[in-house]
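Each remark here refers to the structure printed beneath this line.
The values are calculated or read from the model by the stated rules, or taken from the named source; none is laboratory data. What you are looking at is a predicted structure, and each value in this text was computed from that prediction instead of being measured. Note: ideal-geometry Cβ built from the backbone for every residue, glycine included; neighbour counts use all protein chains shown. The protein model used for the area step is the full one, side chains on, heavy atoms only, and it has no ligands, DNA or RNA in it. Shrake-Rupley method; radii C 1.70, N 1.55, O 1.52, S 1.80 Å.
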Amino acid sequence: WLKARCRRLRFRHCVAAWPGHPTMAPPACRSATALLLAATDVGAFDLDPCSAKPTYTADRCQVGSAVACWSRDHHRKWSCWSRSWAPVWSRVSSAAGADAECIAEGGFDGACTLEAPDMEDRLSPAGRQLDWGEARQKAEVMVAQMTLSEKRKVMNGVGWFRTKAFFDLKKWYYVGNTEPVPRLGIPSLNMEDASGGFRTYWDDNVGTVTTFPSLLSLSATWDPVSVRDYAVAVGTEFVAKGANVLLGPGLNVQRNARNGRNFEYLAGEDPYLGAVLAAAYIRGVQSHNLIAVMKHWIANSQETHRADMSSDIDERTLWEIYYPPFHAAIDAGVDAAMCGYNRVNGRYDCEDAEQLGVLKRDMGFQGFVQSDWWATHSTSVREGLDQEMPGTDFARTYFGDEALSKVDNAAVDEAATRILSAMYRSNVINTTKCTPPHCEEYLRKNVSTAKHIALARKIAESSIVLLKNDGGVLPLSASTTKSIAVVGDAADAPAYNPMGHGQGSDNIWNKGDLYSGGGSGHMVAVNLVTPLAGIRRRAEAEGMKVFAAASNDTGAAIHAASKADVAIVVVGTTSGEQVDRANLSLSENAERLISAVADKCEKVVVLMEIPGHVVMPWRNSVPTILAMFLGGQQTGNAWAGVLFGDSSPSGRLPITLPETEADTIPPVEGLNAHAAYSEGMELGYRSTRLKAAFPFGHGLSYTTFEYSEPMTFACGADTCVKVKVENTGKVVARTVAQLYARFSPEAGHPAPGLKGFYRTPPLAPGTSIVAEFRLTPRDLSYFDARAHSFVPVSYVDALIGESSADIRVQLPIRKAEASSLPWVAAAGGAVALALGALAAAVTGASRSRSPSSPTRSRPGQEQSLLASGSPPKADA
C-alpha cells in the first residue's frame, strides 16, 4: 500500500514523512524512491529563495533543509525536506510546476529553496517510444496485410455529417477520427483540439478540463521547462479523455499582426524562440502515449481568405524565418504534421509536392501529414498528403475507396505506412481507450486537477510582461497603498461558451473571450478567477480597501478611482479563427476609459488581456502597463501575484508591440489574393522600417540587472559565449539574458537576430550568475539562395542584453573551425534534449550532428544531436 501510494503521489508523502532521516523510512519506501531520487540529483533547485518569502524566519526549517513548501500564514508550519529526500517535483519541474505541487497538495502558497541557485538543467519525463526504424518496420509488416479499404480507413476521417449550413460532428466523436481495423488490431485515431488544452466541443463536457493559458502566453515565459511542464499536463488530460492525437502545437512564425489565430502560435515572431519552445512542447506531449501534430505547414499567416489566398515567398525567407520551428519539432521526434488551408506560391499547401518534399525529404520528417479540416483539394497522395481530414461520406471524398484505387499502390502504401509508423512509435496501437461513438464515459470525465489548475496559475503569472513602471507604482504594498480601485468591463468579464455550435457553421463558434481565443482552439474557462476576484481577494488579505467599477462607464470609473490610492484599469480584446481582427485597438471603448482615469489620477496601472499585437496611443499618459496574452482560468490570481509582489514579473515579449498600425504587415484582401512576402527577413524586430512601442524581448522586473565580463571561446565544433548577470536592485527576481548575432554584410541580414537566451534562476539582490550560450556552426551561417544551402559568415558580433533594443554588452565571436560547416542543418540547431533512463533534460543549447556523422546533401536534413551524459550549460 505504501509503495503504491508513494508512486501515485510522486513519492511526496513518502519523503515528507521522514525529512532528512532516510533510515527511518520503511524499506518499501526506501527501495521505491532510491533510484529515482539518485537519478534526479542534478544540482541546485531552480526555485525562489525561501529568504525572500514574507513569513520566512531562520527557524522555519531544520538545519540541512533544501526545499520547502511555504505559507503566507505566519502561524502555519512549513513542509521542509533535505537535499537527499527532496521531492522529485522539486528537481524535475519548472518553478511554476513546483509551486503548483505545493499549492495543490497542501494549500501552501508555493515552493522555495534554502540553497543558492545554479545553472544545472533539470530532468523531464520521457515516454517510452520506439525509434522510427523499428516503428516503420512494424508498420510495413502490417500494411502488407491490409486491403485497400483498410488502408483507406487509416487515411480518411469519419465522424462529421453535412448540415444545411455546413458540417457538424456526431455526438461522442472526437473532432477528428479514423475507423479502426479490428481484424488487424488497429485502433481508431481519436484526435482533439488543441495546443492549449482539450477542447470541450459540447456543453455536456464543458468544465471537465483545465483552461490553460494560450500558447502565445506560454511563449512569453521564454522558458522551455515551463513549456514542457505545460505540455505534460495538457497531454495528461488528453489521454484521460480517451484521445490519442493532440492537434497541436501551432508553430507558425507570426507575420500579420491582425491574424485571428496568433494567440495559438508558440513561436511568436521569432524562428529561434519558436524552435526552442517547439521542441520542449513536443517532448512534453509525447512523453505520453500521444501523437502531437505540428501545424500549420507552411506560411499560414492570416485567417481571412485563408482558404484561397497565396503566400508568395522565396526559398531563403522560408529557411531562415518560417521553417525553423517545424524543423526543431522534427528533430524532437514529432509524429505528425498538418498542412494548412492556404496556398504557397500558387499551390495549395496540401497538394504542394515541393513544400511537402521539403518536409519529408529535406528535413527528414518520418511521420505522417494530415490535411487541415476540409483543406484537401485533390487526391494528392503522390504529392505527399497521407491523410484527409475530417472526412464525411467517404465515398465522396478525395481519399475514398474509388479515388485511392486510381493511385499507384506504392504511394498508398507509403501513406499508410507513415500513419502506422506514428501509431507504433507512440504505442497508441496498444493504449487507445475507446472507439467513437463509444467514448462518452471518457469525454464526460472530469480530468482537471488541483495541480493542473495551480500550474495554469503559475505559468500565467510567469507570462505577464511588465511594459513600463514609471515611478515604481508596483509592486503594491500595504505600507504605501491603503486602497485600490479596479475598473473596466474586462475586470469581471465572463467566459464565453459557444454551446456546441459546429465548426464553421455560423459566426458563433469562432468567438473568443479575454481568457482564450476563439475557434477550434477555444477553451471555456469554468471555475474562472476574474481579474477583479483575484485582485480583491489578495488586496483584502493585505488589509486594503477595494473600490470596484466593473464597466467601461467613465463616470463610474472616475468615481471609484478618486477614492483610491492606486487605480487599476483592466482592458483587453480577443480574436478568433477564420477571421482576422479588424484593427489592433483594444475593445469596448477601453482607450477612452484609460484616458479618462489617467486625467484624474496620478497612479494608474493598466492591465491588458490581449491575443497578440495592440496599439497603445495612450501609453505615455499612464505610469504602469502590463500585458497578458490570454491567461486562462487563473487570470485573476496571476495578476494578483505580480501586482502585489508575490513574484517579480518575468515575462518577455515574444512579439513586437507596434507604435501604430502602419508599423505592421496587414493581411491581404479579396478572393484568390496573393500576399507578397516582399519584406523577406525584415519581419518584426528585424525590420528597418517598422517602429516599435515596445520591442521584441522587452520586459521589466521589480529590480535591475547589470551585464559584464563577456567572453567567447571554442567548445568543440561550437562556439560558447558567457556573460555575468548581476541583480543590482533590491528585489529577488529573474531575468532573461538574450543573445543577438550581427552578421557580416554578405549575409544580407537586415538586423541582428536572436541566437540564444537564458532564463536565470531567481537572483537575490547583490548576487550574480554566469549566463552561457552555445552556438552551432548553423547559428553562425546564413542561407545562400544561389547555393540552396547554408554557408558561414565571415564574422559575427554577439550582442547581449535585456531585449532586441536593450543591448548591454557586445563582443566579436571567435568562431569554430570552418571545416565543420558543410554538414550544417537548416533547423537552426535550436535545441538539445538529453534523454536519460528515466527522463529528458530540456536545454536551450543550439546543437547539430557531429561532423563525422553521416550527412545528406540537401539543406536541413541533419538532426539535432541528442546529448549524452550531462548536458552543457546552455542558452535556454
Take segment 163-185 and flag every residue that is in contact with an Asp or Glu (Cβ under 8 Å, 6 or more places away or on another chain), part of a strand (DSSP E or B) and in contact (Cβ under 8 Å) with a residue 60 or more places away in the chain. G176
Is there any pair with a first residue in segment 668-682 that is under 15 Å from V344 (Cα atoms) and aromatic (F, W, Y) and a second that is open to solvent by less than 30 Å² (accessible area, probe 1.4 Å) and modelled with pLDDT of 95 or more whose Cβ atoms are under 6 Å apart and which are 6 or more apart or on different chains, and what are they? Y677/I313; Y677/T317
Can you pull out every residue in segment 302-326 that is modelled with pLDDT under 95 and open to solvent by 10 Å² or more (accessible area, probe 1.4 Å)? T304, H305, R306, A307, D308
Tell me, yes or no, whether segment 168-189 has at least one residue that is touching a His at 6+ places or on another chain (Cβ under 8 Å), more than 17 Å from S287 (Cα to Cα) and not charged (D, E, K, R). yes
Among the helices (runs of 4 or more DSSP H) lying completely within segment 372-443, list those that include at least 1 residues that are open to solvent by 20 Å² or more (accessible area, probe 1.4 Å) and in contact with a Phe, Trp or Tyr (Cβ under 8 Å, 6 or more places away or on another chain). 401-405, 409-426
Looking only at segment 234-260, count how many residues are aliphatic (A, V, I, L, M), open to solvent by less than 10 Å² (accessible area, probe 1.4 Å) and over 25 Å from S575 (Cα atoms). 2
The one condition F263 fails out of (1) surrounded by 24 or more Cβ atoms within 10 Å (Cβ to Cβ); (2) closer than 20 Å to A675 by Cβ is (2)
Say we look at segment 574-598 and pick out the residues that are touching a helix residue (DSSP H, G or I) at 6+ places or on another chain (Cβ under 6 Å) and open to solvent by 10 Å² or more (accessible area, probe 1.4 Å); which of these is modelled with the lowest pLDDT? E588
Residues located in segment 444-473, provided they are polar (S, T, N, Q) and open to solvent by 50 Å² or more (accessible area, probe 1.4 Å): N446, T449
Six or more apart or on different chains, Cβ atoms under 6 Å: show the pairs whose first residue is in segment 48-67 and of a type in the set (D, E) and whose second is crowded, with 19+ Cβ neighbours inside 10 Å. D48/C112; D48/P762
Exactly one of these conditions fails for Q366: (1) of a type in the set (S, T, N, Q); (2) within 23 Å of D193 (Cα to Cα); (3) part of a loop (DSSP other than H, G, I, E, B); (4) open to solvent by less than 30 Å² (accessible area, probe 1.4 Å). Give me its number. (4)
Residues located in segment 769-806, provided they are β-branched (V, I, T), open to solvent by less than 20 Å² (accessible area, probe 1.4 Å) and more than 30 Å from T728 (Cβ to Cβ): T776, V793
With respect to A693, is the statement that it is open to solvent by 30 Å² or more (accessible area, probe 1.4 Å) and over 29 Å from E115 (Cα atoms) true? no
Please enumerate the residues belonging to segment 332-351 that are open to solvent by less than 20 Å² (accessible area, probe 1.4 Å) and in a helix (DSSP H, G or I). D349, C350
Whether any residue in segment 201-210 is closer than 20 Å to H296 by Cα, of a type in the set (S, T, N, Q) and either at pLDDT below 90 or touching a Gly at 6+ places or on another chain (Cβ under 9 Å) (or both) is what I want to check. no
Checked V569, V546 against criteria (hydrophobic (A, V, I, L, M, F, W, C), buried (at least 20 other Cβ atoms within 10 Å of the Cβ) and at pLDDT 95 or above); the one match is V569
Counted residues in segment 518-535 being in a loop (DSSP other than H, G, I, E, B) and either modelled with pLDDT under 95 or touching a strand residue (DSSP E or B) at 6+ places or on another chain (Cβ under 8 Å) (or both) come to 9
Options A737, A741: the member that is open to solvent by less than 40 Å² (accessible area, probe 1.4 Å) and out of contact with any Lys or Arg (no Cβ under 7 Å at 6 or more places or on another chain): A737
For segment 721-735, enumerate the residues that are assigned to a loop (DSSP other than H, G, I, E, B) and out of contact with any Phe, Trp or Tyr (no Cβ under 6 Å at 6 or more places or on another chain). T728, G729, K730, V732, R734
So in segment 717-734, with the set limited to residues that are of a type in the set (D, E, K, R) and open to solvent by 20 Å² or more (accessible area, probe 1.4 Å), which one is farthest from the chain's Cα centre (by Cα)? K730
Any pair with Cβ under 6 angstrom, 6 or more apart, that starts in segment 396-411 at a residue that is among the small types (G, A, S) and ends at one that is in a helix (DSSP H, G or I): G400/F394
